[in-house]
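To start, the structure itself, in structure tokens.
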Amino acid sequence: MANKPMLPELMKTHGVSRRAFMKYCASLTSLMALSPALVPRVAHALETAMRPSVIWLSFQECTGCTESITRSHAPTLEDLIFNSVSLDYHHTLQAASGHAAEAAREQAMKDNYGKYLLIVDGSIPLDNPGYSCIAGISNLDMLKETAAGAAAIVAIGTCAAYGGIPHANPNPTGAVSVSDIIKDKPIINVPGCPPIPVVMTGVLAHFLTFGIPELDELGRPKAFYGESIHDRCYRRPFYDKGKFAETFDDEGARAGWCLYKLGCKGPTTHSACATVKWNNGVSFPIEAGHPCLGCTEPDFWDNGGFYKPLSVPSGDYRKMGVAAVVGGAAVGVASALLAKAGKAKAVQNHETVDAHDLEKSS
Amino acid sequence: MNNPAFDLLMWARGPGFDIALAIFIGGIVLRLTEIIILGRKKDMAPAKGNGFLQGLKTIFSRSVPRKGLIKFAPVTYLGGYIFHLGFFIAFFFFAPHIALIQDAFGISWPAAGRVIIESVTALAVLAVVALTYSRLTDPVRKSLTTFDDYLVLLLSVLPLITGYVAVNKLFGDPTMMLAVHLLSVEALMIAFPFTKLMHAVSFVFARYYNGSIQGRKGAES
């Protein structure tokens, strides 16, 4: 590990200039919502970072998060930040397999006990350990064992952060998130399906330079998840003006109007998609004409339907409405008939009284 | 890991709405059926005018204030109109509400912009404050006001306030505030058939009855 090249050497071999590196540090600093005065500190910290050992565990996941981070606009500095850590264990990326791979993990844990960074993607099944095993070790056991010696844990992707798609109703494997199991280590949640590459590298860079970033109540770094998609959306002016696309191919959709009525979850979703965007800042789902699914929020898969507006009830409420009409009418008729019968009975039982009768009774 | 605000929102959008809808619709239908079946005592006297037409006319004519009301009760006059119009516009012309109506009945209409919706909402809230103030300070109104009246005022104004807060993210978690907004509407729906809020439906019948009785007698109403 010690003989692995440091960041300046990696930059040289990849043909990245000092100017490009400083520019990257400046954008990273602003992205992390830090003061511009800290740019040199970020650059210095990245250049001299101690190259911490990183163990990446993949559980019930689709490898989309790894695809996202490795297919960030390569070859870029983000790759280099990623390369500047010593990734000692990662199923998909490592050359070793079988026992050799597990030996690498054990060795890294032994050499860096208490200091390594643990990255997890995927959820952990609790119903039956056999649902997801690696080298015969259940996900739960591997997570507990590896987390014990970690300095901190980064839960990459919504599955690791909140249980994600495996956790979706009816949750057949009893899937849970990392924070549901590990309670005694600092955990940074980086949700998204997948998360934005620069957000993942940004969080890693922050960890390398200034330690654990400021987190919100759902464990997400505030710098990247502090604002809602809706508040930063370039289509927001159309929402404010009351102009909405009604279908995916109407005039409003072509004119780029708000997608709220097509089910956009932007108002309740916190992510940097609308500002940082994807594919080197090219676009993001709403810009491509699709409503936000809300993938950085817990239980986004069970939010009542991707194409149902937030204001529309999630259940089959029409049946309930029809039943209420029938039930209400039936009770109303019964109640009215009862009142009529009571009235008729009262008329029947009514005894006429004249002044003489009243005198007699008094 | 769960987000309590999101879970509450999903409850309010799911089972919460279903329960409120069942009580709202069931209660309205129940009370209307009772009113219609009980009917009125048959008037045996020969008709001197057209009760039906006068009844229909009265449904609308009673929405016009009678002369002198502005001097006699300015707060009720202005506050009443501003609140009703504000509530009506905010409810029927805010896009997310239209989306709900569209999903339920398949009909929709153009939405109003943010400036209009938020202005009428703020005015409607101020109107409720003024109406409540007049109930609390005017000795006659105060003695006429029951708990039911204060409850109805509170239930009517809460959706306006919580909606305004949720849309503008004034305070609290926006997801939580959206859930609170839905719950406040559901509270209004549940109370609706069993309080004076029912006037929003029953006014048609009450005005028709009054108008037709007068019309049959050949009197203005």
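The values are calculated or read from the model by the stated rules, or taken from the named source; none is laboratory data. Quantities reported herein were computed from a predicted structural model and do not represent experimental measurements. With ideal geometry, Cβ positions are generated from the backbone for all residues, glycine too; neighbour counts draw on all protein chains shown. With ligands, DNA and RNA removed, areas are computed over all heavy atoms of the protein, side chains included. Shrake-Rupley method; radii C 1.70, N 1.55, O 1.52, S 1.80 Å.
General observations
- Members of segment B:101-125 that are closer than 13 Å to A:K261 by Cβ and either more than 8 Å from chain A (Cβ to nearest Cβ) or crowded, with 20+ Cβ neighbours inside 10 Å (or both): B:I101, B:W109, B:A111
- Any chance A:T173 is touching a helix residue (DSSP H, G or I) at 6+ places or on another chain (Cβ under 8 Å), open to solvent by less than 50 Å² (accessible area, probe 1.4 Å), over 30 Å from A:C25 (Cβ atoms) and in the same structural domain as A:G219 (by TED's automatic domain parsing): yes
- Criterion applied to B:T58, B:T33 was being open to solvent by less than 60 Å² (accessible area, probe 1.4 Å), more than 26 Å from B:Y164 (Cβ to Cβ) and more than 9 Å from chain A (Cβ to nearest Cβ), and the one residue passing it is B:T58.
- Selection from segment A:182-202 of residues that are closer than 17 Å to A:W56 by Cβ, open to solvent by 10 Å² or more (accessible area, probe 1.4 Å) and among the aliphatic types (A, V, I, L, M): A:I182, A:I187
- Of all residues in segment B:1-30, those satisfying the criterion of being assigned to a helix (DSSP H, G or I) and open to solvent by 40 Å² or more (accessible area, probe 1.4 Å) are B:P4, B:D7, B:L8, B:W11, B:P15, B:I19, B:I23, B:F24, B:I25, B:L30.
- Of all residues in segment B:159-172, at least one satisfies being within 13 Å of chain A (Cβ to nearest Cβ), open to solvent by 50 Å² or more (accessible area, probe 1.4 Å) and touching an Asp or Glu at 6+ places or on another chain (Cβ under 8 Å).
- Residue tally, condition surrounded by fewer than 18 Cβ atoms within 10 Å (Cβ to Cβ) and closer than 30 Å to A:L28 by Cα, over segment A:281-337: 7
- Residue in segment A:150-159 that is surrounded by fewer than 20 Cβ atoms within 10 Å (Cβ to Cβ) and assigned by TED's automatic domain parsing to the domain that holds A:C65 present: yes
- Residue count for segment A:103-132, restricted to those that are within 26 Å of A:G163 (Cβ to Cβ), surrounded by 15 or more Cβ atoms within 10 Å (Cβ to Cβ) and not aliphatic (A, V, I, L, M): 8
- Residue under evaluation B:G113, criteria (1) more than 25 Å from B:R31 (Cα to Cα); (2) within 20 Å of the chain's Cα centre (by Cα), criterion not met: (2)
- Scan of segment A:244-263 for residues that are closer than 24 Å to B:A179 by Cα, in contact with a strand residue (DSSP E or B) (Cβ under 9 Å, 6 or more places away or on another chain) and within 11 Å of another protein chain (Cβ to nearest Cβ), ordered by number: A:F244, A:C258, A:Y260, A:K261, A:L262
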